[in-house]
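Reading through the structure tokens given below for one structure.
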Amino acid sequence: MDTKNICRHIAIIMDGNGRWAKKRGMPRTFGHKKGAENVVKITRAMKESGVKYLTLYAFSTENWKRPQDEVSYLCGLPKLFFNRYIRELNERNIRVCFIGELERFPQETRTVIEDAVRITAENTGLILNIAINYGSRRELVLAARAYAQDVASGKRENDLD
């Protein structure tokens, strides 16, 4: 395979799994489970293709507005996923990273996420970034606040003038 023409970074928005399941007469959570299983297939393919970074937008800030039972299921997916696949990801030299705000998730979910990051921290192959509780509007607000705080504290000059 000619790897010189391979993208270094691929990003995928994991969207439509619930609709996919509903179309097939299944509960939305079935679609979310199938989507999580596809993460491993996608990750394997990207690693074999020579991609260095794979970012999956898996849970946006807007997902909190879904029905509580669906949100609870989504919060439990990291545990189901990593209990099944962390060994394989680690053996394949894949490093797991997370972006987004984890504070809103249940402690059990945060612990599973922190363990996955810790277990794979030394891996040097594909970097699997998983964006959870992540939204562009929220990121802009946080960036603006951080910038304003830096200007107010003197760490940075106001270069917006």
Review point. Failed condition for T111, given (1) among the hydroxyl-bearing types (S, T, Y); (2) free of Cβ contacts under 8 Å to residues at least 12 places away in the same chain; (3) open to solvent by 70 Å² or more (accessible area, probe 1.4 Å), with all others met?
Key: (3)
Point to revise | Filtered residues of the range 1-19 (kept if open to solvent by less than 70 Å² (accessible area, probe 1.4 Å) and either acidic (D, E) or within 19 Å of the chain's Cα centre (by Cα) (or both)) | key: I10, A11, I12, M14, G16, N17, G18
Point to revise | Qualifying positions in the range 117-136 - part of a loop (DSSP other than H, G, I, E, B) and either touching a His at 6+ places or on another chain (Cβ under 7 Å) or of a type outside the set (S, T, N, Q) (or both) | key: A121, E122, G125, L126, G135
**Study point:** Members of the range 48-66 found to be aromatic (F, W, Y) and buried (at least 17 other Cβ atoms within 10 Å of the Cβ), listed by number
**Key:** Y57, F59
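Consider the range 20-41. How many of its residues are open to solvent by less than 60 Å² (accessible area, probe 1.4 Å) and out of contact with any Leu (no Cβ under 7 Å at 6 or more places or on another chain)?
Matching residues across the range 20-41 total 6.
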Review point. If you go through the range 82-98 one residue at a time, do you hit one that is open to solvent by 60 Å² or more (accessible area, probe 1.4 Å) and under 30 Å from L142 (Cα atoms)?
Key: yes
Study note, to complete from the structure: In the set L102, L140, L126, the lone residue that is open to solvent by 60 Å² or more (accessible area, probe 1.4 Å) and over 15 Å from A36 (Cβ atoms) is L140
Check your understanding: Do we find that D69 is open to solvent by 50 Å² or more (accessible area, probe 1.4 Å) and within 28 Å of R8 (Cβ to Cβ) in this structure?
Key -> no
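The values are calculated or read from the model by the stated rules, or taken from the named source; none is laboratory data. Predicted model only: the values in this text are computed from it and were never measured. As a convention, Cβ positions derive from the backbone with ideal geometry for all residues, glycine included, and neighbour counts pool all protein chains shown. Side chains are part of the model used for accessible areas, which takes the heavy atoms of the whole protein and leaves out ligands, DNA and RNA. Shrake-Rupley method; radii C 1.70, N 1.55, O 1.52, S 1.80 Å.
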